[in-house]
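Every read-out reported here was derived from the displayed coordinates using simple, explicitly stated rules and does not represent laboratory data. The structure displayed is predicted, hence computed values, not measured ones. Note that each Cβ is placed from the backbone with ideal geometry, even for glycine, and that neighbours are counted across all protein chains shown.
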Amino acid sequence: MDNLFRSRHSKKDDAEHWIGISDLMSGLMMMFLFIAVAYMYYVQVERENIKEIAVAYKDTQVAIYNDLNNEFKSDLPRWNASIDRNTLQVTFNNPEVLFRSGSPELSTQFQAMLSDFFPRYVAVLSRYRGAIDEIRIEGHTSSDWGTLHGDEAYFPNMALSQDRTRSVLQYVLSKLTSGADRDWVRSSFAAVGYSSSRRLVDASSTAEDAARSRRVNFRVFTNSELQIRTIIERLDGNQR
């Protein structure tokens, strides 16, 4: 009888033991399911955020371009300048009137153009300060430096392009009378020289267009890309 009682008691304990494990496993499965659903919802929300940022980026891009174009469309031909709709890049294309040959010194004609252009440029972009991450003054050169080519020409041109963009930034900053505008320019503008790394080629061939390669750009970068990159990094971090 004792053996029979112990056998029945043991079977009861085993049954209760397995029921307990089954309940535990069910609870764990429900918890993992809840986590999976919550994460899927989180990912969906972040994707929607990216979509909203992309739409806002496009709208902001179009608005900035339209305002810049409306402000300067009558001036662009006489400045030999252009505005790119996709990059929000204002380019001054006439190297003969920008700087003295081989020098970072601004020509008198370019100074007059910048004096007219820059205060109005800042006034337009000031409407979008919250959406702008950075504005770059970009200097570009052709690949030649006298009789030098390759690296021997690249590094002198790098120094020249950097010196020229600094000269431009220093000059345009002096044309602003508002202290708030000057503070914003100092915190948001960068002067970058690219040497000949982004030289332009002739449309009908692969040959470099040396004259068009020598140019100065004012380029707007909005903060939409930074916001999207932050969301993607956050998603990647949660997946690890």
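What does the extension gain come out to for Y128 and R85, with contour length at 0.36 nm per residue minus their alpha carbon separation?
Length gained between Y128 and R85: 13.9 nm.
Can you tell me the relative contact order of segment 52-228? Whole percent, Cα pairs under 8 Å, sequence separation 6 or more.
Relative contact order for segment 52-228 comes out at 31 percent.
With r as the distance between the Cβ atoms of A180 and R100 and R0 = 51 Å, compute the FRET efficiency 1/(1 + (r/R0)^6) and round to 0.05.
So, using R0 = 51 Å, E works out to roughly 0.95.
Quick query: amide H of S107 versus all other amide H atoms, modeled in the peptide plane; which residues come in under 5 Å with a sequence gap of 5 or more or a different chain?
F99, R100
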